[in-house]
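Enquirer: Structure in structure tokens, see below.
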Amino acid sequence: MIVVLFITLIILPLVAADDDYENEEAQFGGLAEAGFALITAGIVLYSVVKRTPFIEYKKGRFFIAMSPEMPFLRLRAPLSLLDIHHLLVVLGSLMTIPHFISCQDYSTPAGLTGLLLGFILLIENISGFYGRYLHAKVEKLRREISSPYLKEALKKFRRWREFHIAWTLVMYIILVLHVIFVD
């Protein structure tokens with residue numbers, strides 16, 4: 001499965017390349033758009049399912065059920081919700097790399113916002129992996145009967161989450177600016 005995914009990531013840019021290589025615009029715009037669609041899907045899926053009482057999601061054997069009572073939708077899948085979020089966001093971020101690399105002029109507003117967007121995506125992904133580490137640490141400390149470190153770990157996790165959400169909003173603001181400057 002992973003091999004197929006990597007082969008797809010290698011071949012997809014060749015297929016999705018724009019035809020006009022002579023102008024100075026960055027290529028692979030369609031691939032970057034698909035990448036941001038995956039990133040957005042990962043963010044929305046995680047946010048909506050995690051924060052709504054209408055949907056219940058658990059890790060387990062694949063299963064979908066609808067009910068007339070709350071929660072109205074019960075979902076099960078082999079990956080945790082956080083794993084799906086990470087998979088979609090990291091894969092989407094990787095899909096944007098050929099577009100960022102193919103830019104030949106970072107002095108224009110479109111080039112600068114694109115470069116800034118690439119930097120923001122890098123920070124966002126690093127932040128996500130750090131958050132995953134903090135989440136695992138908090139869960140481990142919660143299982144202990146009386147851990148003196150749990151309060152401090154929760155405090156760090158809350159600060160990280162505030163940063164991560166704010167950084168995500170900044171990413172989308174810069175993305176909107178980038179799209180405006182490209183058109």
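Enquirer: So Ile173 ticks every box in (1) open to solvent by less than 30 Å² (accessible area, probe 1.4 Å); (2) modelled with pLDDT of 95 or more but one. Which box is left unticked?
Expert: Exception for Ile173: condition (1).
Enquirer: Here is a further query. Could you count how many residues in the range 41-77 are surrounded by 13 or more Cβ atoms within 10 Å (Cβ to Cβ), in contact (Cβ under 8 Å) with a residue 12 or more places away in the chain and either in a helix (DSSP H, G or I) or not hydroxyl-bearing (Ser, Thr, Tyr) (or both)?
Expert: Number of matching residues: 16.
Enquirer: Take the range 153-183 and flag every residue that is under 17 Å from Ile126 (Cα atoms) and either in contact (Cβ under 8 Å) with a residue 40 or more places away in the chain or among the small types (Gly, Ala, Ser) (or both).
Expert: Listed by number, the residues that qualify are His164, Ala166, Trp167, Thr168, Val170, Met171.
Enquirer: Taking the stated definitions as given, is Ala153 assigned to a helix (DSSP H, G or I), under 20 Å from Gly30 (Cα atoms) and modelled with pLDDT under 95?
Expert: It is false that Ala153 is assigned to a helix (DSSP H, G or I), under 20 Å from Gly30 (Cα atoms) and modelled with pLDDT under 95.
Enquirer: Got at least one residue in the range 81-97 being in a helix (DSSP H, G or I), in contact with an Asp or Glu (Cβ under 6 Å, 6 or more places away or on another chain) and surrounded by 13 or more Cβ atoms within 10 Å (Cβ to Cβ)?
Expert: Just the residues of the range 81-97 that are in a helix (DSSP H, G or I), to begin with: 81-97.
The next check asks that each one be in contact with an Asp or Glu (Cβ under 6 Å, 6 or more places away or on another chain); those that pass are none.
Within the range 81-97, not a single residue is in a helix (DSSP H, G or I), in contact with an Asp or Glu (Cβ under 6 Å, 6 or more places away or on another chain) and surrounded by 13 or more Cβ atoms within 10 Å (Cβ to Cβ).
Enquirer: Restricting attention to the range 109-150, which residues are more than 19 Å from His86 (Cβ to Cβ), in a helix (DSSP H, G or I) and open to solvent by 50 Å² or more (accessible area, probe 1.4 Å)?
Expert: Pro109, Leu112, Leu115, Leu116, Phe119, Arg142, Arg143
Enquirer: Shifting gears a bit: Being outside any helix (DSSP H, G or I), without any contact (Cβ under 8 Å) to a residue 12 or more places away in the chain and of a type outside the set (S, T, N, Q): is that true of Tyr106 here?
Expert: Details: outside any helix (DSSP H, G or I): yes; without any contact (Cβ under 8 Å) to a residue 12 or more places away in the chain: yes; of a type outside the set (S, T, N, Q): yes.
In short, yes.
The values are calculated or read from the model by the stated rules, or taken from the named source; none is laboratory data. These figures come from a predicted structure and were not determined experimentally. FYI the Cβ positions are ideal-geometry reconstructions off the backbone, even for glycines, and counts take in every protein chain you see. Side chains included, ligands, DNA and RNA excluded: accessible areas come from the protein's heavy atoms. Shrake-Rupley method; radii C 1.70, N 1.55, O 1.52, S 1.80 Å.
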